[in-house]
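Quick notes on the structure that follows.
The values are calculated or read from the model by the stated rules, or taken from the named source; none is laboratory data. The structure presented is a predicted model; accordingly, all values stated were derived computationally and were not measured. Glycine gets a Cβ as well: all are built from the backbone with ideal geometry, and neighbour counts include every protein chain shown. To get the accessible areas, we keep the full protein, side chains included, count just its heavy atoms, and leave off ligands, DNA and RNA. Shrake-Rupley method; radii C 1.70, N 1.55, O 1.52, S 1.80 Å.
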Amino acid sequence: MGELDRLAMYTQMVRIRQYESRIMQEYHADKSPAWDIGAGLIPGEMHLAAGQEPAAVGVCAHLKKGDAITAPHRPHHFALAHGVDMNKMTAEIYGRTGGLCKGKGGHMHLFDPENHFSCSGIIAQGLPVACGQALAFQRKGTDNVAIAVTGEGAANQGAFHESLNLAAVWDLPVIFVIEDNDWAISVPKDASTAGASNADRAAGYGMPGVRVEDNDVEAMYEAAGAAIDRARAGDGPSLIEIHTLRLFGHFEGDAQAYRPELATVNERDPIPKYAATLQELGELTDDQIASIQADADAEVDAAIEFAKASPEPAPEDALLHVFA
Amino acid sequence: MSTTTETRRITTAKAMAEGIGLEMQRDPNVFVMGEDVGAYGGIFGSTTDLFGEFGADRVIDTPISETGFIGAGIGAAVEGLRPVVELMFVDFYGVCMDQISNHMAKIHYESGGNVKVPMVLMTATGGGYSDAAQHSQCLWGTFAHLPGMKVVVPSNPYDAKGLMISAIQDDNPVMYMFHKGGQGLVWMEKNPRSIGEVPEESYTVPIGKAAIAKEGSDVTIVTLSLSVQHSLDVAEELEAEGISVEVVDLRSLVPLDKETVLESVGKTGRVLVVDEDYKSFGLTGEIAAIIAETDPGLLKKPFSRLAVPDVPIPYARPMEYGILPTRDKIKAAVKDLMA
Ligand SMILES: Cc1ncc(C[n+]2csc(CCOP(=O)(O)OP(=O)(O)O)c2C)c(N)n1
Ligand SMILES: [Mg+2]
């Protein structure tokens with residue numbers, strides 16, 4: 001495990017938050033007066049990960065070149081923390097030819113082979129793929145690892161359980177990361193999941209399972225470090241569930257009428273909390289907070305400009321890329 | 001029927017939910033389950049207000065476990081209940097197709113007719129709003145291809161309610177495939193045809209009977225679901241240009257109302273099949289085969305079809321609209337037939 005770099009983790013969280021906040025603004029900017037999901041510069045479903053930064057940042061702080069991630073429908077935080085190019089990712093979200101996937105994929109289908117990053121909009125279906133990437137690393141004899149990310153709702157899908165078993169029985173270098181944000185769209189965890197912690201389920205597959213409470217980025221960093229070291233050493237898979245926070249709706253446009261704890265969501269925001277912790281430790285000044293925010297603003301604005309300047313695909317481009 | 005009930009206009013989504021609600025009132029064996037069908041009312045409104053009326057005992061939010069809860073629907077149906085189960089998007093069929101195809105659809109046959117599976121599996125289909133390759137498919141041809149399940153594809157609020165009631169009362173498994181763009185949702189662009197007159201009382205629309213959505217004499221458009229709405233728009237425009245288009249709304253793929261199709265084609269001698277599903281090995285080819293098997297001489301002009309050209313649905317709008325059967329493309333195809 002490397003050295004804990006608090007300032008770097010804080011900076012990465014701010015960068016991701018700025019991204020999600022600006023994408024939210026951009027997404028809604030041209031959908032009025034009659035809000036239409038298919039209209040505007042960014043059409044389609046949009047699942048933002050604001051509040052869930054600690055999950056991605058705590059894990060990705062340990063990753064190196066060649067490590068893989070499969071993310072679910074809510075992928076931006078893991079993509080950015082793993083080094084996916086912000087410009088190309090943004091252009092993809094805008095459906096432009098300069099995007100990661102030339103406008104074919106959109107926000108739920110970001111593919112960046114350079115960083116071994118992908119995501120899928122079908123619940124839990126990235127997990128078997130992560131197992132396969134881990135299998136490839138094992139067979140090639142590298143010490144790379146695969147990170148399989150899902151929400152807590154996905155832990156009730158068959159592919160989740162098949163993947164845990166496969167990873168354990170083959171000792172695969174894969175780390176299952178479950179983001180427990182309490183909700184699967186409108187369904188609370190306790191209404192869908194037997195057992196309070198998915199970390200306990202790891203025992204059934206003979207792998208270590210850790211539950212990280214309080215959306216704590218440093219605790220996540222510790223847990224992920226141990227799991228990744230173990231996988232790199234050839235000792236097999238682990239599972240980490242982090243209790244995190246869905247700061248926004250399930251998707252943009254979700255009125256969240258089903259959500260009784262909505263009023264306290266902002267109080268639970270992990271970023272001001274972490275800033276306060278670092279200030280208490282004397283590791284973060286007011287000036288640094290301002291300059292980190294300013295850098296994030298500038299980077300995200302530049303990415304959005306890049307996206308908007310990239311050409312739109314032509315209708316007939318739809319016919320390309322069915323086969324290699 | 002009073003005047004007020006005749007003029008009441010509601011969305012397709014509301015009409016579906018109303019059909020389910022009436023059956024729940026009539027028959028205590030009817031219940032609903034699926035993801036976000038409870039307090040949320042279904043992501044596409046198919047269970048609007050049912051949770052408030054019937055409560056969590058009969059409108060059940062499930063875990064994200066489609067194999068589990070669709071299979072549970074089958075088991076409940078086998079024991080005599082009448083479950084209405086929702087698969088949120090048809091695109092998620094991949095995680096539960098064994099229950100659907102090998103169990104729901106085959107049990108009656110395998111049991112020599114001794115075991116019935118009276119369940120409805122309703123699911124959202126279709127694109128047009130940049131939801132990309134995993135959330136925009138129609139796939140009704142895939143289900144229609146597999147024997148043992150009826151496949152219902154409503155195009156408007158009136159049919160949505162009547163077909164839902166028929167589906168729940170049917171002793172067979174019924175795939176009820178509704179188009180997101182035809183639901184009349186406030187948050188999605190919609191055709192005014194997604195809101196229409198619907199009687200408040202219970203009524204059925206028979207499964208297996210196509211409708212002549214508009215009469216015409218020059219060209220027949222055979223179509224289904226949201227493409228019916230587009231085709232009617234085009235037919236009305238072309239009327240002004242002196243082309244008389246007949247629009248056949250199939251309303252169900254299984255059973256398929258061949259007679260109505262053949263009768264219309266026999267009358268006009270020209271046919272265009274419009275389908276938002278993939279082109280090859282699907283509905284468009286099936287209609288061509290039925291015409292060819294019956295009498296190729298019915299056609300004065302070569303058979304014509306418009307469908308998604310065998311590519312996954314792309315995200316960016318210019319590409320997506322490049323492959324969807326839009327009004328412009330339907331119009332051009334009809335004009336080609338008349339040239
Ligand atoms: C197989 C499948 N079923 C259902 C869905 C629809 N769906 C998309 S996100 C979601 C909820 C996911 O909840 P969770 O796994 O907790 O992730 P979160 O959205 O909270 O990040 C559902 C049901 C889907 N995409 N795939
Ligand atoms: Mg969740």
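Filtered by the rule that a residue be without any contact (Cβ under 8 Å) to a residue 40 or more places away in the chain and acidic (Asp, Glu), the stretch B:186-236 gives B:Glu215, B:Glu236. Scanning the stretch B:98-155 for residues that are closer than 15 Å to B:Asp170 by Cα and assigned to a helix (DSSP H, G or I) returns B:Met104, B:His108. A:Gly236: modelled with pLDDT of 95 or more, touching a strand residue (DSSP E or B) at 6+ places or on another chain (Cβ under 9 Å), part of a loop (DSSP other than H, G, I, E, B) and open to solvent by less than 20 Å² (accessible area, probe 1.4 Å), yes or no? Answer is yes for this residue.
A:Phe248 meets all of the listed conditions (1) open to solvent by 60 Å² or more (accessible area, probe 1.4 Å); (2) under 30 Å from A:Trp35 (Cβ atoms) but one, namely (1). For the stretch B:173-230, a residue qualifies if it is charged (D, E, K, R) and either farther than 11 Å from B:Arg251 by Cα or buried (at least 24 other Cβ atoms within 10 Å of the Cβ) (or both), and the qualifying residues are B:Lys180, B:Glu189, B:Lys190, B:Arg193, B:Glu197, B:Glu200, B:Glu201, B:Lys214, B:Glu215, B:Asp218. Checking the stated criteria, A:Gly158 turns out to be within 14 Å of chain B (Cβ to nearest Cβ), more than 16 Å from ligand 2 (Cβ to nearest atom) and at negative phi. Note on the stretch B:73-125: residues that are closer than 21 Å to B:Phe178 by Cα and surrounded by fewer than 20 Cβ atoms within 10 Å (Cβ to Cβ) total 3.
If you go through the stretch A:11-36 and keep only what is touching a residue at least 24 places away in the same chain (Cβ under 8 Å), among the hydroxyl-bearing types (Ser, Thr, Tyr) and either open to solvent by 10 Å² or more (accessible area, probe 1.4 Å) or assigned to a loop (DSSP other than H, G, I, E, B) (or both), you end up with A:Thr11, A:Ser21.
When the stretch A:279-306 is limited to residues that are polar (S, T, N, Q) and in a helix (DSSP H, G or I), the one that is nearest to A:Met86 (Cα to Cα) turns out to be A:Gln293.
This table checks each residue for (1) farther than 30 Å from A:Lys104 by Cα; (2) surrounded by fewer than 24 Cβ atoms within 10 Å (Cβ to Cβ); (3) within 14 Å of chain A (Cβ to nearest Cβ); (4) touching a strand residue (DSSP E or B) at 6+ places or on another chain (Cβ under 6 Å).
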site: B:Lys258; (1), (2), (3), (4): yes, yes, no, no
site: B:Tyr278; (1), (2), (3), (4): no, yes, yes, yes
site: B:Lys300; (1), (2), (3), (4): yes, yes, no, no
site: B:Ser304; (1), (2), (3), (4): no, yes, no, yes
site: B:Arg327; (1), (2), (3), (4): no, yes, no, no
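Of everything in the stretch A:192-208 that is part of a helix (DSSP H, G or I) and surrounded by 20 or more Cβ atoms within 10 Å (Cβ to Cβ), the residue that is farthest from ligand 1 (Cβ to nearest atom) is A:Ala202. I'm checking my understanding of the structure. Among residues of the stretch A:152-191 that are more than 15 Å from A:Ala124 (Cα to Cα) and part of a helix (DSSP H, G or I), which one is nearest to ligand 1 (Cβ to nearest atom)? Only one residue fits best here, namely A:Lys189. Among residues of the stretch A:185-202 being without any contact (Cβ under 8 Å) to a residue 40 or more places away in the chain, hydrophobic (A, V, I, L, M, F, W, C) and over 26 Å from A:Asp143 (Cβ atoms), the one that is nearest to ligand 2 (Cβ to nearest atom) is A:Val187. Scanning the stretch B:133-157 for residues that are touching a Lys or Arg at 6+ places or on another chain (Cβ under 8 Å) and among the hydrophobic types (A, V, I, L, M, F, W, C), we see that the one that is nearest to the other protein chains (Cβ to nearest Cβ) is B:Ala133.
Among residues of the stretch A:152-180 that are over 16 Å from A:Ala203 (Cα atoms) and in contact (Cβ under 8 Å) with a residue 12 or more places away in the chain, those with a Cβ under 7 angstrom from a residue that is within 14 Å of ligand 1 (Cβ to nearest atom) and among the basic types (Lys, Arg), sequence gap 6+ or separate chain, pair up as A:Glu152/A:Lys189; A:Asp180/A:Lys189.
Taken over the stretch A:121-151, the criterion of being within 15 Å of ligand 1 (Cβ to nearest atom), open to solvent by 20 Å² or more (accessible area, probe 1.4 Å), in contact (Cβ under 8 Å) with a residue 12 or more places away in the chain and touching a helix residue (DSSP H, G or I) at 6+ places or on another chain (Cβ under 7 Å) is satisfied by A:Ile123, A:Gln125, A:Pro128. Residue count for the stretch A:164-183 under the criterion of being over 20 Å from A:Ala233 (Cα atoms) and more than 13 Å from ligand 2 (Cβ to nearest atom): the result is 0. In the set (1) more than 14 Å from chain B (Cβ to nearest Cβ); (2) open to solvent by 50 Å² or more (accessible area, probe 1.4 Å), A:Val217 fails one condition alone, (2). Among residues of the stretch A:251-277 being β-branched (Val, Ile, Thr) and open to solvent by less than 20 Å² (accessible area, probe 1.4 Å), the one that is farthest from ligand 2 (Cβ to nearest atom) is A:Ile271.
Taken over the stretch A:51-79, the criterion of being of a type in the set (A, V, I, L, M) and surrounded by 24 or more Cβ atoms within 10 Å (Cβ to Cβ) is satisfied by A:Ala55, A:Ala56, A:Val57, A:Val59, A:Ala68, A:Ile69, A:Ala71, A:Ala79.
Of the helices (runs of 4 or more DSSP H) contained entirely in the stretch B:1-72, those carrying at least 1 residues that are over 18 Å from B:Leu87 (Cβ atoms), open to solvent by 50 Å² or more (accessible area, probe 1.4 Å) and modelled with pLDDT of 95 or more fall at B:12-26, B:50-54.
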